[in-house]
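Notes follow once the structure below has been shown.
The values are calculated or read from the model by the stated rules, or taken from the named source; none is laboratory data. None of these values were measured; they are calculated from a predicted model. Using ideal geometry, Cβ is built from the backbone for each residue, glycine included, and neighbour counts are taken over all protein chains shown. When the accessible area is computed, the model is the full protein with side chains, heavy atoms only, and any ligands, DNA or RNA have been set aside. Shrake-Rupley method; radii C 1.70, N 1.55, O 1.52, S 1.80 Å.
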Amino acid sequence: MQFFLLLTSTGLVSGAAYGLIAIGFTLIYKSTGVVNFAQGELVMLTAYIAFSLAQWLGLSFLPLVALTIPISMALGLALERVFIRPMLGEPTFAIVMVTVGLAVILRGLTILIWGSEPFNFTAGMPTRVVVLAGVPFYPAQLWLLAALAIVVVAVWLFLKFSRYGVAMRAAAGNETAALLVGVDVSEIHALAWMISSAIAAIAGLLFAANFKLAPDMWFQGLKSFPAAILGGLDSIGGAALGGLIIGVIESLSQGYIGEGMREIAGFIVIIVVLMARPFGLFGSREIERV
Amino acid sequence: MRTLLASCAALLLVSGAARAADPGVTDTEVEVGDVNIMTGPAAFVGKGFSLGSKIAAAEINAAGGINGRKLVVITEDDGYIPSRSFQALTKLIEVDHIFALNGTSGTANVMAMMPLITDNNLPTVVTEAPASLVYNPVRPSVFTFGANYADAFYAQLKYIHDHGAKDGAWGIIRQDDDFGKEVEQGFDRASKEFGAKMGPALRFKKGTSNFSAELAQMKEAGVTVLANGGIFAGAANILAEARKLDMDIQSAGVWSEGIPASARLSAPAGYDFMVADYVSLVGPANDKFKAMAKQFVSDDELANISRYTYVSYIGLKTLAHAMSLCGKDLTRACTIEKLRGLKDFDTGGLSAPVSFDNPRQLSGTAVGVYQYDVKAKAFKALTGFQQY
Amino acid sequence: MRTGHFREKPGQLIALSDSRTVWGWTLALLVALALAPLVISAYGLTLMVAALIAVVGAIALNILTGQTGLISLGQAGFLSVGAYANGILLADYHVPVWITIPAGGAAASLVSLLVGVPSLRLKGLYLAITTLAFAFIVNHVILYAEPVTHGPNGLFVNGARLFGFNVQKGPPLYYLALAMALATLFATLNLSRTRIGRAWMAIRDHDIAARAMGIDLVRYKLLAFVISSFFVGIAGALMSLQLRFINVDVFALNLSIEAIASIIFGGLGSVAGATLGAVFLSFLPEALRLSFAALPFGGADLLGNNVYEIRGIAYGVIIVLVLRFKPDGLIGMWRDARKYWSQWPLAY
């Protein structure tokens, strides 16, 4: 039983990391219809920025998060204006390709500025082990789980109740109609990128504290794709849930079956689920009219 | 008409075959190539290695070069990708006309370059990835310096056993490639010989950072001696996970953990982990090396000196020594012959003396065991260089 | 400017080109390619072989993604299957190379059926990630099936002889790659002009409408997968011949991304675009290396070791810039240039 609990708890932790990054994907896709292939690199870059901030200013965890979020939002805004805005109106695959190019640039930039050595990054969190219900956790892992819950609730509240959130949902539903009722769609796109960067910063900070701060962190973004797909590309809650499911299944399959199953468990799960539900668990069915 | 076509065809097919007798040698210079990991996440390995080549070349040139010829090192980047290693070596051979090869990057990379090395009879010293695949079968122009991972792990596990292993099972976590296979071979040899209780033998994919499932299995099985086959951040993650599960373990690791960056990553877990290496990590030889290197490199670069610097330095020094024995008439064949006859070449204490005079053209198989003292934040030597 | 352009026979309607000039220039290009080993250095030849292999892969991917609209990120997996099938048959079973190359293609086709069948209902990114998943799973299986594939040890591929020539290096390899690239090109161009090609384009444009017109989606989608991966398998086989040593590390995800990049960069949907994109992206790293080495005032030395990372960044910058100013890709640039040339001095 202890073994099962251990596996499930660590699965939830890594699943929370997938989920947070997946929410970033989903938010941008939902609002702009573009898949941001540079999300993993954004997570990595904001994590490194947080690392530098922590080194210069010696902040503890919450102030560090509070400082990193506005910086990453500014970064997201800058990237959107420079790379995505000029591509307004162009076919989607061209914009997606631009994000791929952006990913290459960000990867090289990270190594150029910070070097390629991995760093130890505690993000100002305590490192003594905490035991809950007989299962040991690092505080960083508990923060990761908490962050996922907070972000999901915050984004849901934002989308449901705030003016900008409603406007975002309108733009996601039908851009032309939203324009007609007075929603500034380009502002909404910028906002989507900014919020997504903020989430990426939280994800990056916590991922780095939990696992590693190294220039191959961007691969985590790719591994979070299945989480976004599983939940449905335009469902925020689905992305979070998808991440948790994949994390737990990966951990359980590696623990009980082994043979490197962790690497492909997530992929096998999405293939099976997509055969039954082609738009993910909670994704909205695209209705095509001829 | 037919003869015209036939001769055109023959010309086309032969045109690639013409080749100079021995490229890379002039009266004033001799060119040695390095294929290094200069970009990508493993770049700090390649940069450390490249530093060793630079220091060796600078030291040799300051002392007059190789029989009056200046030693020039040409570096190409492969980003740790085997197909790029192949392309990089092609460029070094065809465009830069190198005489010999010192930097060979990782195991998969050197294997990808092997067909080119054998085709061109390129004198090559492999110091960075001395896997048994490199010298089994032995290639005439390839000289390997370095212990294999199996011996390195056997040495550490033997030390642990000889000095009182904790009661409990022995477990191993290793990568799912040829490097990991070798680690497991050393582990199997030790666990059989010392009659240890066998714990889980687990594999993971390169780049994994989440070892929670593996360590949970280890804890379940009551493992107290762990063969940690992870590298860099992976090894640190394994130790951190073990600490979280409050495991009391003695850990044997890969020599990649002997560089300052890795030690910084693994230290917070609080284990006095061990490594075994075929070059010296601490000691008077290292201090002497750093003092010598100071004249040739900047302070920033001085801080990057690691075991990769030492292996590259040793590799280039042995190559240069063999070349200098050839005198004025410097050819690849002569260099290879001199390398084959190399016996007890002194590396200033950085490793055991280098001797390639054996059928496998293999040296440096003696390893020393080191342990990281968490309180002192430094490595200390447990044994000298010994053969296993 | 041509006027009074009439087509009098059905054959002229589906001909690749009806212009003598175009055929003349094409012939000149073919002759230049055939004579290339005489003038180009051995290093340049290896670059060209790599480019030709990329062309085969890009044209094949274009069938699936550009013509049928099925986005695939699984290129690396199919390359891997083709390479390993070719390598195992050649090295372990000593089958002659003129059988192993098509066998590599056939193996990739069989695997693609495994990918294609679950993917029939999927669209867009869902399909892309499913193909990505298969690429990962395929590489994983190859790594763990040690008795057959040599697992982590990798595979040495040698012994490929064709007409008495060793086709694994130098000019013979170049001619083999050139022949394969031309065969793939013509096969694809011909396929596009048949009802199969038209069915694919209908599926891409609107698959429900296509179904309503009577096009069997299952049949044509699976056909797209099978034919596309046949050629990708051949590209993989050629890769294994050139590299002479393969293991799963060679077929990492970046191959899939580069393949998609070539076809989008070149111009999605057109065979010429795929070819241009593949050639351009194959030569781009080399071009960057040469231009950085030629920086004035010893600029290359100033950058020091950072030059490698900066070259990597420059690669991304070029992709972004080209797509920013020419979202149609290289083929868009080509068409603009051609229009400008043929209409000068008139504006339109």
Worksheet item: Can you tell me which residues in the range A:127-170 are in a loop (DSSP other than H, G, I, E, B), within 12 Å of chain B (Cβ to nearest Cβ) and free of Cβ contacts under 8 Å to residues at least 40 places away in the same chain?
Response: A:Thr127, A:Arg128, A:Val129
Worksheet item: In the range A:115-124, which residues are within 12 Å of chain B (Cβ to nearest Cβ) and in a loop (DSSP other than H, G, I, E, B)?
Response: A:Gly115, A:Ser116, A:Glu117, A:Pro118, A:Asn120, A:Phe121, A:Thr122
Discussion item. Can you say whether A:Leu144 is open to solvent by less than 10 Å² (accessible area, probe 1.4 Å) and farther than 18 Å from A:Trp56 by Cβ, as far as the supplied structure shows?
Written reply: yes
Practice prompt. Kindly list the number of the only condition in (1) modelled with pLDDT of 90 or more; (2) open to solvent by 40 Å² or more (accessible area, probe 1.4 Å); (3) farther than 25 Å from A:Gly11 by Cα that fails for B:Gly195.
Written response: (1)
Fill in: Members of the range A:93-108 that are open to solvent by 60 Å² or more (accessible area, probe 1.4 Å) and either in contact (Cβ under 8 Å) with a residue 12 or more places away in the chain or away from chain C (no Cβ under 14 Å) (or both)
A:Arg107
Discussion item. Any residue that is under 30 Å from C:Asn158 (Cβ atoms) and either more than 14 Å from chain B (Cβ to nearest Cβ) or open to solvent by 20 Å² or more (accessible area, probe 1.4 Å) (or both) - is there at least one of those in the range C:61-68?
Written reply: yes
Discussion item. I need the full set of residues from the range B:283-310 which are open to solvent by 20 Å² or more (accessible area, probe 1.4 Å), part of a helix (DSSP H, G or I), over 30 Å from B:Gln250 (Cα atoms) and small (Gly, Ala, Ser), in order please.
Written reply: B:Ala291
Worksheet item: Does A:Phe158 qualify as being aromatic (Phe, Trp, Tyr) and open to solvent by 10 Å² or more (accessible area, probe 1.4 Å)?
Response: yes
Item to complete: Kindly indicate the residue of the range B:241-282 that is assigned to a helix (DSSP H, G or I) and of a type in the set (A, V, I, L, M, F, W, C) and also farthest from the other protein chains (Cβ to nearest Cβ) among those meeting that condition.
Response: B:Trp255
Practice prompt. Please state which of the following conditions C:Ile71 fails to meet, knowing it meets all the rest: (1) closer than 30 Å to B:Leu116 by Cα; (2) touching a residue at least 60 places away in the same chain (Cβ under 8 Å); (3) open to solvent by 10 Å² or more (accessible area, probe 1.4 Å).
Written response: (1)
Worksheet item: Do we find that B:Ala129 is open to solvent by less than 10 Å² (accessible area, probe 1.4 Å), in contact (Cβ under 8 Å) with a residue 60 or more places away in the chain and part of a loop (DSSP other than H, G, I, E, B) in this structure?
Response: no
Worksheet entry | Inter-residue pairs, beta-carbon under 9 Å, first outside any strand (DSSP E or B) and in the range B:354-383, second open to solvent by 50 Å² or more (accessible area, probe 1.4 Å) and of a type in the set (A, V, I, L, M, F, W, C), 6+ apart | B:Pro359/B:Val138; B:Arg360/B:Val138; B:Gln361/B:Val138; B:Gly364/B:Phe385; B:Ala366/B:Phe385
Worksheet item: Filter the range C:32-73 for residues that are among the aliphatic types (A, V, I, L, M) and not in a helix (DSSP H, G or I); which is farthest from C:Glu286 (Cα to Cα)?
Response: C:Leu70
Item to complete: Find the residue count for the range B:23-56, including only residues that are in a strand (DSSP E or B) and either at pLDDT 90 or above or within 27 Å of A:Phe119 (Cβ to Cβ) (or both).
Response: 8
Worksheet, complete the sentence: Taking first residues from the range C:28-54 that are at the interface with another protein chain (Cβ under 9 Å from one of its Cβ atoms) and second residues anywhere that are surrounded by fewer than 17 Cβ atoms within 10 Å (Cβ to Cβ) and at pLDDT 95 or above, the pairs with Cβ under 7 Å that are 6 or more apart or on different chains are none
Fill in: helices (runs of 4 or more DSSP H) (entirely within the range C:166-229) containing at least 3 residues that are open to solvent by less than 30 Å² (accessible area, probe 1.4 Å) and in contact with a helix residue (DSSP H, G or I) (Cβ under 6 Å, 6 or more places away or on another chain)
C:170-192, C:195-205
Worksheet entry | Among (1) more than 9 Å from chain C (Cβ to nearest Cβ); (2) open to solvent by less than 10 Å² (accessible area, probe 1.4 Å); (3) not charged (D, E, K, R), the one test that B:Asn136 misses | (2)
Response to the item:
Of the residues in the range B:79-92, those that are within 14 Å of chain A (Cβ to nearest Cβ) and either farther than 20 Å from C:Asn306 by Cβ or open to solvent by less than 40 Å² (accessible area, probe 1.4 Å) (or both) come to B:Gly79
Discussion item. Every residue in the range B:49-78 that is of a type outside the set (A, V, I, L, M, F, W, C) and surrounded by 24 or more Cβ atoms within 10 Å (Cβ to Cβ), please.
Written reply: B:Ser50, B:Gly52, B:Ser53, B:Glu76, B:Asp77, B:Asp78
Discussion item. Take B:Ser251 and tell me if it is in contact with a strand residue (DSSP E or B) (Cβ under 6 Å, 6 or more places away or on another chain), at pLDDT 90 or above and of a type in the set (Ser, Thr, Tyr).
Written reply: yes
Worksheet item: In the list A:Pro118, A:Pro139, which residue meets the criterion of being in contact with a Lys or Arg (Cβ under 6 Å, 6 or more places away or on another chain) and open to solvent by less than 40 Å² (accessible area, probe 1.4 Å)?
Response: A:Pro118
Discussion item. Exactly one of these conditions fails for A:Ile113: (1) under 21 Å from the mean Cα position of the chain (by Cα); (2) more than 30 Å from B:Ser212 (Cα to Cα). Give me its number.
Written reply: (1)
Worksheet, complete the sentence: When the range A:1-51 is checked residue by residue, the ones that are within 23 Å of B:Ser209 (Cβ to Cβ), open to solvent by 20 Å² or more (accessible area, probe 1.4 Å) and assigned to a helix (DSSP H, G or I) are A:Phe3, A:Phe4, A:Leu5, A:Thr8, A:Leu12, A:Ile49
Fill in: Residue check for C:Ser262: in contact with a Leu (Cβ under 6 Å, 6 or more places away or on another chain), more than 10 Å from chain A (Cβ to nearest Cβ) and either surrounded by fewer than 19 Cβ atoms within 10 Å (Cβ to Cβ) or of a type in the set (S, T, N, Q) (or both)
yes
Discussion item. Can you list residue pairs whose Cβ atoms sit under 8 Å apart, with the first residue in the range B:82-100 being β-branched (Val, Ile, Thr) and the second being open to solvent by 60 Å² or more (accessible area, probe 1.4 Å)? Count only pairs 6 or more apart in sequence or on different chains.
Written reply: B:Val95/C:Ser41
Worksheet item: Out of all the residues in the range A:241-278, which are at positive phi and within 10 Å of chain C (Cβ to nearest Cβ)?
Response: A:Glu259, A:Gly260
Discussion item. Given (1) in contact with a Gly (Cβ under 8 Å, 6 or more places away or on another chain); (2) open to solvent by less than 30 Å² (accessible area, probe 1.4 Å); (3) more than 9 Å from every other protein chain (Cβ to nearest Cβ); (4) of a type outside the set (Val, Ile, Thr), identify the lone condition not met by A:Leu281.
Written reply: (2)
Worksheet item: If you check A:Asp216 against the conditions, is it in a loop (DSSP other than H, G, I, E, B), modelled with pLDDT under 95 and within 14 Å of chain B (Cβ to nearest Cβ)?
Response: yes
